[in-house]
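The values are calculated or read from the model by the stated rules, or taken from the named source; none is laboratory data. Given the structure is predicted, the values throughout are model-derived calculations rather than measurements. Cβ placement follows ideal geometry from the backbone for every residue including glycine, while neighbour counts extend to all protein chains displayed. All accessible areas refer to the heavy atoms of the entire protein, side chains included, with ligands and DNA or RNA removed. Shrake-Rupley method; radii C 1.70, N 1.55, O 1.52, S 1.80 Å.
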Amino acid sequence: MIAVVKYNAGNIFSVLCALKRLGYEAVLTDDPDTLRRADKVVFPGVGEARAAMEHLNANGLSDVIRGLKQPVLGICIGMQLLCRHSEESDVDCLGIFDADVVRFNPTNPELKVPHMGWNQIRNMKSPLFDGVNEGSFVYYVHSYHAQVCPYTIAVTEYDGPYSAALHKDNFYATQFHPEKSGSVGEQILKNFLEL
């Protein structure tokens, strides 16, 4: 069973559709026992860090997510919430990755915030990227990013390098949206589901 974490974040539906296209039925749930029993857990979302953390804490999901032992994939704000702290609303997050999330502050006026659209991933170091070519394009929509750290398994350049993806133990995460990244994103989701 694949569980998708239900909390007050947007963009959950497109993740469920992407999983279905790959032939997997997923259950959208905030039930702790269902999340613990799942073979894989996807923690997606688009939203604001403080509101998301307040919802997770109020519903007892923070400790549940921290305690998961099966493969977990955070996507976009799901990745940011797995980090230690976010500059967005100055909030402590789940602390799986000892990394801070900071706002883009580009010196080049041509670089807009949010960083939105297609960009390349490089320096990929994980089975998550099996069959994905160096420099492949993936889809982004974000104003905040995790800095490059010991858990970085892929990098994207936007006013300097930042973490496109992270990995520690059973936790994987992508700042980009694999569910919106065409065949490259499908391959990454497939790799995660086959871990």
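Scan 104, 97, 129 and give me the residue that is of a type outside the set (A, V, I, L, M) and within 14 Å of the chain's Cα centre (by Cα).
Exactly one residue qualifies, and that residue is 97.
When you look at residue 92, is it in contact with a helix residue (DSSP H, G or I) (Cβ under 6 Å, 6 or more places away or on another chain), among the charged types (D, E, K, R) and open to solvent by 10 Å² or more (accessible area, probe 1.4 Å), yes or no?
Considered against the rule, which asks whether it is in contact with a helix residue (DSSP H, G or I) (Cβ under 6 Å, 6 or more places away or on another chain), among the charged types (D, E, K, R) and open to solvent by 10 Å² or more (accessible area, probe 1.4 Å), residue 92 comes out as no.
Does residue 40 fit the bill of being open to solvent by less than 40 Å² (accessible area, probe 1.4 Å) and basic (Lys, Arg)?
Working: open to solvent by less than 40 Å² (accessible area, probe 1.4 Å): yes; basic (Lys, Arg): yes.
Criteria met by residue 40.
Answer yes or no: is there a residue in the range 25-47 that is of a type in the set (Gly, Ala, Ser) and at pLDDT below 95.
The answer is yes; a qualifying residue exists.
Output the residues belonging to the range 53-102 that are acidic (Asp, Glu) and either under 25 Å from residue 39 (Cβ atoms) or in contact with a Lys or Arg (Cβ under 9 Å, 6 or more places away or on another chain) (or both).
Passing the criteria: 63, 87, 88, 90, 92, 98, 100.
Restricting to the range 100-137, and then to whatever is polar (S, T, N, Q) and in contact with a strand residue (DSSP E or B) (Cβ under 8 Å, 6 or more places away or on another chain), can you tell me which residue is most open to solvent (accessible area, probe 1.4 Å)? Don't jump to the end; show me each part of the working.
Residues of the range 100-137 that are polar (S, T, N, Q), as a first pass: 105, 107-108, 119-120, 123, 126, 133, 136.
From the residues that got through so far, the ones that are in contact with a strand residue (DSSP E or B) (Cβ under 8 Å, 6 or more places away or on another chain) too are 119-120, 123, 126, 136.
Working: 119: 28, 120: 56, 123: 91, 126: 22, 136: 17 Å².
Looking at the filtered set, the residue picked out is 123.
Going through the range 170-188 one residue at a time, which ones are more than 21 Å from residue 145 (Cβ to Cβ) and either of a type in the set (Asp, Glu) or buried (at least 21 other Cβ atoms within 10 Å of the Cβ) (or both)?
186
For the range 10-23, state whether one or more residues are at positive phi, within 13 Å of the chain's Cα centre (by Cα) and among the hydrophobic types (A, V, I, L, M, F, W, C).
Checked against the condition, which is being at positive phi, within 13 Å of the chain's Cα centre (by Cα) and among the hydrophobic types (A, V, I, L, M, F, W, C), the range 10-23 yields no hits at all.
Can you name every residue in the range 48-80 that is open to solvent by 30 Å² or more (accessible area, probe 1.4 Å) and either of a type in the set (Lys, Arg) or on the phi > 0 side of the Ramachandran plot (or both)?
50, 60, 66, 69
Yes/no matrix, rows are residues, columns are (1) within 18 Å of the chain's Cα centre (by Cα); (2) in a strand (DSSP E or B):
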position	(1), (2)
108	no, no
113	no, no
125	yes, no
133	no, no
140	yes, yes
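Could you tell me which residue of the range 144-169 is modelled with the lowest pLDDT, considering only residues that are open to solvent by 30 Å² or more (accessible area, probe 1.4 Å) and outside any strand (DSSP E or B)? If you could, list the steps in order and put the result at the bottom.
Step one: list which residues in the range 144-169 are open to solvent by 30 Å² or more (accessible area, probe 1.4 Å), which gives 144, 147-148, 150-151, 157-159, 161, 167-169.
Next, from what is left, pick out any that are outside any strand (DSSP E or B): 147-148, 150-151, 158-159, 169.
Details: 147: 96, 148: 97, 150: 97, 151: 98, 158: 97, 159: 92, 169: 98.
The residue in question is 159.
How many residues does the range 1-37 contain that are closer than 17 Å to residue 59 by Cβ, open to solvent by 70 Å² or more (accessible area, probe 1.4 Å) and assigned to a helix (DSSP H, G or I)?
Of the residues in the range 1-37, 2 are closer than 17 Å to residue 59 by Cβ, open to solvent by 70 Å² or more (accessible area, probe 1.4 Å) and assigned to a helix (DSSP H, G or I).
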